[in-house]
Amino acid sequence: MNEHKKLRWGILGAARVNERLMPAIVDAINAELVAIGSRRPGAAAETLAKYAPHQQGVRAYDSPEAILDDDEIEAVYLPMANGEHAEWALRAIEKGKHVLCEKPMALKVSDIEAIEAAAHRHNVTVMEGFMYRFHPQHSRVLDVLRSGEIGEVKTVRASFSFMMKPARMYRIADSIDQGGGAMWDIGCYAIHSLRLFFDGMPESVTAVAKYIESGADTACSGVLDFGDGKYAHFDFSFERARRCEYEVVGTKGGLKCHGVWQNPGDIPVISWWTEGGRQSEEILPIADHFRLEIEHFSDCVLTGKAPALSLEDAKTNCRIIVGALQSAEDGRVIRF
């Protein structure tokens, strides 16, 4: 257990997510940014100057290994390429670092199992970085559902999409097996958000997808069957206008979260209706889910609490993703 009040962080890479991540660590009440490291010469210093220009004493390394070798750093954020997450998570754990890993944690369930075993051996905390779950709007959604306003949940739909810009083409340069494409980038969010409303594993998944020459998927749609007439529909794409929402339909009405990913300045809105004629819309306070995620993880490490997102949760999400990809490739229903 740590005696100091702030967890000391290092960042393993100069990825684009630092635009939101780095200020989140700086602003978090229980975190301290110690260093950032990148393999690209000068990239770490450039990222630091761009996103945390007023921070004094933060080290910039031209090597991610230097982050792992820095004894002052207690926890690392891992935003490298999807196919590198498992390797670098294990390397960080072996150095005794706590790890908050950008989604997806790994491309295979067996890799997450290896991460879990290593974390137990070295007594460190590891969590998959689904930052959206820490936005208070989802707690409010669950409050409405628990109130019974819309009855028993029967169907959930998640739709995530945006038009791919030239600067983001690296997301589809690699094949699905290497972590490229829409599923590993945004589809994992869609599937993860659907699981908020149904317990456990689905009974089966059916999916269809569009592929490009690199072997990446650029669009995918599918259905998770949770049994007893309960279905979760996912739809995501790099070829459609921006959508970032989920809708829950029950036996008495429905509810919609209009902006699952909250960008700076976005106003959170949820709305619901009932068959009895009630219409309600709530505008919620703006919140930074990246900062809330950093504060949650830091608190878990500093106090010894278990993270809200367990490694069992990460394994479940990975199993469903792998099943959906297999369904789309083979053109058949995959049963779990």
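The values are calculated or read from the model by the stated rules, or taken from the named source; none is laboratory data. All figures in this text were calculated on a predicted structure; none of them were measured in a lab. Cβ placement follows ideal geometry from the backbone for every residue including glycine, while neighbour counts extend to all protein chains displayed. To get the accessible areas, we keep the full protein, side chains included, count just its heavy atoms, and leave off ligands, DNA and RNA. Shrake-Rupley method; radii C 1.70, N 1.55, O 1.52, S 1.80 Å.
Descriptive notes on the structure:
- Inverse mean reciprocal Cα-Cα distance (Kirkwood Rh) of the stretch 1-97, Å: 13.3 Å
- Every Cα-Cα pair of the stretch 286-327 was included, and the share exceeding 15 Å stands at 58 percent.
- Estimated at the nearest 10 Å², the accessible area of His120 is 140 Å² with a 1.4 Å probe.
- For the chain, the mean residue ellipticity at 222 nm estimated from helices alone is -9500 deg cm²/dmol, where every DSSP H run of n ≥ 4 contributes -39500 (n - 2.57) and the total is divided by all residues, rounded to the nearest 500.
- Translational diffusion coefficient (Stokes-Einstein; Kirkwood radius from C-alpha pairs) of the stretch 125-203 at 25 °C, 0.890 mPa s, in µm²/s: 162 µm²/s
- Principal-axis tilt of helix 289-303 within the chain, Cα atoms, nearest 10 degrees: 60 degrees
- Rg/Rh (Cα only; Kirkwood hydrodynamic radius) as it applies to the stretch 190-336: 1.00
- Among Lys50, Lys315, Lys97, residue whose mean-square fluctuation peaks in a GNM of the chain (springs only between Cα atoms under 10 Å): Lys50
- Each residue of the stretch 41-96 gets 89 Å³ once the volume of the Cα convex hull is shared out per residue.
- Given a 1.4 Å probe and the protein chains as shown, Thr218 ends up with an accessible area of around 10 Å².
- Rough spin-label spacing in nm, given labels placed 7 Å along Cα→Cβ, for Leu284 and Asp71: 4.4 nm
- Take every DSSP beta bridge whose two residues both sit in the chain; close to 60 percent of them are antiparallel.
- Mean sequence separation of contacting Cα pairs (under 8 Å, at least six apart), scaled by the length of the stretch 1-118, corresponds to a relative contact order of 25 percent.
- Solvent-accessible ranking of His135, His98, largest area first, probe 1.4 Å: His98, His135
- Alpha carbon centroid spacing (whole Å) that separates the stretch 301-336 from the stretch 182-197: 9 Å
- The P(r) of the stretch 74-146 has a tail past 21 Å containing 32 percent of all C-alpha pairs.
- DSSP loop GluC sites (Glu not before Pro) with at most 12 other Cβ within 10 Å excluded, longest remaining stretch of the chain: 73-151
- Taken along its principal axes, the alpha carbon cloud of the stretch 165-272 reaches lengths of 45, 38, 20 Å, longest axis first.
- Solvent-accessible area of Cys318, all protein chains in place: 10 Å² (probe radius 1.4 Å, heavy atoms, ligands and nucleic acids excluded).
- In units of the rule-of-thumb radius 2.2 N^0.38 Å, the stretch 70-208 shows an alpha carbon radius of gyration of 1.22.
- Charged side chains reduced to their Cβ positions (Lys and Arg at +1, Asp and Glu at -1) give the stretch 116-241 a dipole of some 400 debye around its Cα centre.
- The charge dipole of the chain, taken about its Cα centre with unit charges on the Cβ atoms of Lys, Arg (+1), Asp and Glu (-1) only, comes to about 540 debye.
- The chain, Cα convex hull volume normalised per residue, Å³: 136 Å³
- Listed residues Gly180, Gly227, Gly253, most fluctuating in the chain (Gaussian network, C-alpha, under 10 Å): Gly227
- Stretching Lys50 away from Phe336 to a fully extended chain increases their span by 98.4 nm, per 0.36 nm per residue minus the current alpha-carbon distance.
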